[in-house]
1. Quickly run through the range 699-722 and pick out the residues that are within 18 Å of Leu640 (Cβ to Cβ), more than 27 Å from the chain's Cα centre (by Cα) and part of a strand (DSSP E or B).
2. Starting from residues that are open to solvent by 40 Å² or more (accessible area, probe 1.4 Å) and over 30 Å from Glu253 (Cα atoms), keep the ones in the range 166-187 and report whichever is farthest from the chain's Cα centre (by Cα).
3. Given (1) open to solvent by less than 10 Å² (accessible area, probe 1.4 Å); (2) assigned to a helix (DSSP H, G or I), where does Lys126 come up short, assuming only one miss?
4. Within the range 188-201, can one find any residue that is small (Gly, Ala, Ser), open to solvent by 10 Å² or more (accessible area, probe 1.4 Å) and not in a helix (DSSP H, G or I)?
5. Out of all the residues in the range 121-143, which are hydrophobic (A, V, I, L, M, F, W, C) and within 35 Å of the chain's Cα centre (by Cα)?
6. Answer with yes or no whether Ile208 is in contact with a Phe, Trp or Tyr (Cβ under 9 Å, 6 or more places away or on another chain), part of a helix (DSSP H, G or I) and either closer than 20 Å to Leu245 by Cα or of a type in the set (A, V, I, L, M) (or both).
7. Name, by its number, the condition in (1) out of contact with any Phe, Trp or Tyr (no Cβ under 7 Å at 6 or more places or on another chain); (2) open to solvent by less than 60 Å² (accessible area, probe 1.4 Å) that does not hold for Lys455.
8. Please go through the range 146-163 and pick out each residue that is buried (at least 22 other Cβ atoms within 10 Å of the Cβ), out of contact with any Asp or Glu (no Cβ under 6 Å at 6 or more places or on another chain) and assigned to a helix (DSSP H, G or I).
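The values are calculated or read from the model by the stated rules, or taken from the named source; none is laboratory data. Here the structure is a predicted model, which is why all the values come from computation and not from measurement. We place every Cβ from the backbone using ideal geometry, glycine too, and count neighbours over all the protein chains shown. Surface areas here come from the heavy atoms of the whole protein model, side chains and all, with no ligands, DNA or RNA. Shrake-Rupley method; radii C 1.70, N 1.55, O 1.52, S 1.80 Å.
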Amino acid sequence: MTWKNLMKAARNGTKDGLEKTKIAMMRKVPFLSKKDCTDGIEEDSGYLDVTVSELKHPPPQLSPMPDGLSSQQVVRRHILGSIIQSERSYLDSLKRILLEYKKPLMEAEPRILSLKKIQTVFYRLKEILQCHSMFQIALASRVAEWDNTEKIGDLFVASFSKSMVLDVYSDYINNFTNAMGLIKKACMSKPAFLEFLKKKQAASTDRITLYGLMVKPIQRFPQFILLLQDMLETTPVGHQDRLPLQLALTELETLAEKLNEQKRLAEQLAEIQQLTRSVSDRNLSKQLNSDQKQLILSETLIETVFGEKGQVLKSKERKVFLLNDMLVCANINVKGPPDISSLVPIGPKYAVKWSAPLLQVQVVEVGQETPQRKDSIYQQSGKWTAAGLFLGPPRLYQELQELQHDLSVVEEVTLLVGTLQGSYQNLNTTVGQDWCMALQRLIRIKEDEIQCANKCRLRLMVPGKPDKSGHPVSFTVVFSTPSPISKISWVNRLHLAKIALRDENLPGWVCVEDDEKTKPPFWCPLLACQLPVFTPKMQDLKLQAALYNPVHCSLLGFSAASTSLPQGYLWVASGGDDSHGQVEIFSLNRPTPRSVKSFSLGSPVLCLEYITEPSTEEELETQTSEVLPKIGNTICVGLLDGNILVYGSVDTAAQCLLTFCNPEGCPVLCLKHSANFLFAGLSNGKVAVYNRKSGEGLWDPDSCRHVVIGCAPVLKLLQIDKCVWASCANQVSVIEGSSLRTQSFEVHPDPMVSVTHMVRAGGGVWMAFSEGSSLRLFHTETLEHLQEINISTPSAYLSPGQKSVCVTSLLICQGLLWVGTAQGIIVTLPVPRLEGIPKITGKGMTSLNAHNGPVEFLVATSSILSQDFLKRDSPTEGVDSSGGGEDKKVTNSSQESLQQADGSPQAEDKTKGVLLQYQLRSTSQLPGKLLTARLEESSGSTQDSLEHTLEDGSIYELSDDPEVWVRGPGQSSKEETRREKVTSAAVISGGKGFRRLAKSSNSHDSSENMLMVWQLPITV
C-alpha cells in the first residue's frame, strides 16, 4: 500500500478507510510499525518521517455559516469549531516540544544531554505528532464539506482506532514517569540543562514549562470524549452521524481506559519503588519488593495530636500507603532547589514511621471505643491511658449517652406525674412532655455534632510492639483528610482490601482467554458474603426473580455508609407448586444482608417490577386538574395465576395496595412500566397495558388494552426511552408509548430459539437466547445488529455431563456485562460506560465462586450517598471529626428508621467524561491567555449549550504534583456537584448452592437456595 493511499484512506474516514488502515497495520507499513525498546539512539529509523506542509495541506477552516440553519446545526458547527481549535492547539504544543526543546538539545555543542537521554525524554512524541498530522489532513477534508455531509464520527473511528494509536501512546505513557525522573536528575546534576529549561520557559509567552507541555498527550483523549459527547447530545435521532458518533465514543473511551490503566500501573510501581528505597528494615523491604504487592491507595494526610480538651497540640503531613495486605505510614521529606521544583515535580522522599498488617488495622469512630482486654494497653499520641476510656476529644458520644439516659429518666418521671391525684401548677404531664421534647432536640444536635466529627477525620487503631511484659499494645492515629470524600474512600478501600484477603477472593476471578495468566485487578467485584435465602424447611421452592428496593436509612452512620451495601431492601421471589408463592425481604443497610420479613402468596411469583412515584411532568400528561395522592414508590408482583399485586415500598410492612387479574387470566411472565403505563407480558403472546387511575396514583384494571406480539410467550420487556421492547420467540417488537404502535424485527435466524434476556447500556441492547451461548448486540435507534459473542468457560469448570454453556441471566452494572449460566458459572465482560455503543472491548473474567445450579437472577443494587455526608460542616481544627458510628443505636428501638428514596435509583445521571484516577486542578491563576475549547466570538446562548470549558480537560493530573499542568478556567459549581456524587454498588446472584471452581477447592453439592453478594468499590 502506498503512502498516498494510506493518507487517502484516513482522509475519507469511512469503514473502508478503517479496513485499509488495519490492513496497513498487518502489512507493517513503516509509519505504523511498533518498536519495543527506547535504548537505541536511532529512535525514528523504523518510521516514515512525514512533514506536512501547511501550503499543501492547510489546516482545517470552517466556511462562513450559511443561512437557514436550525439551532442544532448551529451548535454542531460551534462544537466542530472547538474540535478544530483544540486539535490545532495540541499540534502546536507537540511541534513546540520537538522544535524548541528536542532539536536545540540534539544540536547543542558541547552536549547538554547525551543522545540516549534525549531520545528517552522525548520518546514517541514524533510518532504522536505524525498520527495527529494525518488526522488534521482528514479533518480539513471533512470540514471543507461539512455543510453537505455534517458527519465526523466515522473520521474519529478511522483515525483513532485502537490498532493505529494504542502502541505509540502506550509507549509514551509508560515512559512518561522515567522521562520526568530523568529530567529531574538532569536538573540537579547538570546546571546547563537547568539553565536551558529556565530560558525556554522565560522566552515563551504563556510560561508553560516543558513538563506542562509533555503532559498534553496524556490529556488528549478525554478532551475528545468531552467534545464528542456534546456533539452527540445535539445530534438528533435518525441523523446519519449519530451511530458513527456513538461508535467513536466507544473507541475513544476504550482507548482512554486502557491508557489510564497503564498509567495507573506505572505510577503504582514507581510509588512502591520510591517507598522501598526509603525502608531501612530489610524484612519490610523484602515484602514491598514482592510481586504480589499492589498499591490500592496512597494520599498525603495530616496526622493530628489532640489534647485532653480536644485542642490540636500538633499536626504533621504523612504519606499513607494502603497496599493489598498492609498499611504503611511515612514521613515526607521534600528537598530540592525551588527553581527545579517550578519546572518539574521533584517528588518526595519517605521515611517509614510505622507499618502494620492490614487485618490488624481497625477504623475506630467516635463512640466505637470499646473496652479492650484487661491485659492490653491502649496508647494514643504518646500517652499511656487505662483501657476502656473514651478517647474522642471532646467526648461527644459519652455526652450523647448521658442525654439519652436523662431522656429515659424524664420519660419515667412524666409517667409517674401522670398518676398524681392532685393538680399542681408546675408539676403536670405537659411540663414533662416539654422536657422530653427539649432533650430530644439536644440529642439531635449532639448526633449532628458526631456526624460532623466523622467527615474529615480518619481514626485508626494500629497494633504496636508488645510491652516488656509481652502484653499487646495498640495505639490510635488520627488523620485529617482533605475532604469527606477522601475519608469515605479510605474507609471503603480499607474495608474492601480486607474482604479481598479472604480465601474466596484469593483469587476470585480468572481470565480464561489467556490460560488464567492475567491477574484480576483490585477493582474487580469482591465476594462479600453468601447466605441462604430460605429456612431449611422451605428449600423445595424455586427462585424466580429478585428486585432492589432503594430506601435510605436515617440511622446509618458515616462509615457504615462507606462499608455497607447500597441502602435499601432486596426482594427475592420464588414459587413451589401451582398454589404457593413466597417473597423474602432482606435489609441491605449493613455489610451483610439480613432477612427482615417474608410473606406467602397463593400462586408462584414469576416477576417483580419497581415503579417510581409519578413525576410532576407525568402528572401533567394525565391532563387532570386533580392532584394525585402521594402513594410513593411501589412494587408490582406478577403471579402464575394471572394476578398482579401492587405493594407499597416505604418500609418492610409490604402493604398490598391493589390486586387485579389480567382479562386473559394468563400467567404474567414479565412487568415493565413506562411513564403512566404498566406493561405486562403474558404467556399467550400478548402484552396487557394499564393506565393510572384518574385522580389516583395506582393502576386502573379497567383501562387494560392488549397488544398482540405473537403466538409464543412474551418472555421479556425492556424500556427504551418512551418505548417498550417486547421479546416473543426469535423476534422483538418495539411498542411506542401511548399509541401502542408496534415495529418488529428478527434477532435470531432460528424460529425455535426465543429471546430470554435483554439489557441496555448506552445506545445498545444485549440479548441472550433460550439455546446456545451466544449474545447479540443491537442498536437502540436503527435496530441494527452490531456484535455477537460466545460465552465460553473451561471444561474443567463444568459438571460431568455438561457440554455447552447456556445463558440464564444478564445484567449490566458499572462497566461490566454480567452473564449467569445454567451451569452456575458467572462471567463478566467489560463494556463502555458512556453514551456510546456497549461493544465488548476486552477480555472476560470468570468467577471462581459459582452456584451448583443455574444462576436464576442477577440484580444490581446502587445508591448515591446523601449530599449531607459530603458537606464539610466543621473546620479542620474544630471539633473532633474522627468518624461516625458504624451503626449508631441512638434509640432503644431496634426498628430501622426509614425514609422513602427520592426518584428512581436505577436512573443514572449522564456521565460526562471518563472518570480517571487523577486529581483535577485549575490553572486560571497562571499568567497569560486562557486556552479554551470554545469559539471566542460565539453567542451567549451557544456558549451556554457547550458545557465543556477546559480546553485541556485536566482529567489526568497526577496526585500531589506541585506543578500546574494546563491552563483553563476552574471547575464550575455545576461540575463540582456532578463530580461529588459518591455511588456505592453491589451485585447479587441467586441460585442453588455454592461452590468454588478453584482446583484445590472441594465442591459442595448443596441444593439450598443461596445468594452471593459481590461488592464494588465506591465511585466518585
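1. Residues satisfying the conditions are Val714, Leu715, Lys716.
2. Lys185
3. For Lys126, the exception is condition (1).
4. No, the range 188-201 contains no residue that is small (Gly, Ala, Ser), open to solvent by 10 Å² or more (accessible area, probe 1.4 Å) and not in a helix (DSSP H, G or I).
5. Correct list: Val121, Phe122, Leu125, Ile128, Leu129, Cys131, Met134, Phe135, Ala138, Leu139.
6. Against the criterion (in contact with a Phe, Trp or Tyr (Cβ under 9 Å, 6 or more places away or on another chain), part of a helix (DSSP H, G or I) and either closer than 20 Å to Leu245 by Cα or of a type in the set (A, V, I, L, M) (or both)), Ile208 does not qualify.
7. For Lys455, the exception is condition (1).
8. Result: Asp154, Leu155, Phe156, Ala158, Ser159.
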